[in-house]
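Colleague: Have a look at the structure that comes next, please.
The values are calculated or read from the model by the stated rules, or taken from the named source; none is laboratory data. These figures come from a predicted structure and were not determined experimentally. Here the Cβ positions follow ideal geometry from the backbone for every residue, glycine too, while neighbour counts run over all protein chains shown.
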Amino acid sequence: MVDTVYGLTGSKPMGCSIVEDALESLLASLVQNGFREELCTGLLERLRAAKVPVSGRLMASALGSQAAPAWPQKETAWSAEKPSKKMHRYY
């Protein structure tokens, strides 16, 4: 259905769109039923290739419970930990 509405399979797009909440529910359901790799990834790639706006919410639905990448943490001056000797506080 999504492929048909947006013309993702080579057909002419229908000139309408699907409500984002419906797409999010579809992706979440596919992930919950074990179709993340098989269906979600390909669908998102086709949507992006067709220049259909894909929000962060939709991406999060497609990623489901997949672990997020570990981002390096920056050391901050406002940490609750005891400051090191190298850290200077200016008052």
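Colleague: Tell me, please, whether a residue that is surrounded by 14 or more Cβ atoms within 10 Å (Cβ to Cβ) and at pLDDT 75 or above can be found in region 63-78.
Modeller: Taking every residue of region 63-78 in turn, none turns out to be surrounded by 14 or more Cβ atoms within 10 Å (Cβ to Cβ) and at pLDDT 75 or above.
Colleague: If you don't mind, there's one more thing I want to ask. Does any residue in region 1-17 that is within 16 Å of Pro53 (Cβ to Cβ) come within less than 8 Å, Cβ to Cβ, of a residue that is among the β-branched types (Val, Ile, Thr) and assigned to a helix (DSSP H, G or I) six or more places away or on a different chain, and which pairs are these?
Modeller: Leu8/Val2; Pro13/Val5; Cys16/Val5; Ser17/Val5
Colleague: Here is a further query. Quick check on region 14-40: of everything there that is among the β-branched types (Val, Ile, Thr) and touching a helix residue (DSSP H, G or I) at 6+ places or on another chain (Cβ under 7 Å), which residue is farthest from Leu63 (Cα to Cα)? Walk me through how you get there before you give the answer.
Modeller: Taking region 14-40 first, the residues among the β-branched types (Val, Ile, Thr) are 18-19, 31.
Still in the list and also touching a helix residue (DSSP H, G or I) at 6+ places or on another chain (Cβ under 7 Å): 18, 31.
Details: Ile18: 20, Val31: 8 Å.
Within region 14-40, the match that is farthest from Leu63 (Cα to Cα) is Ile18.
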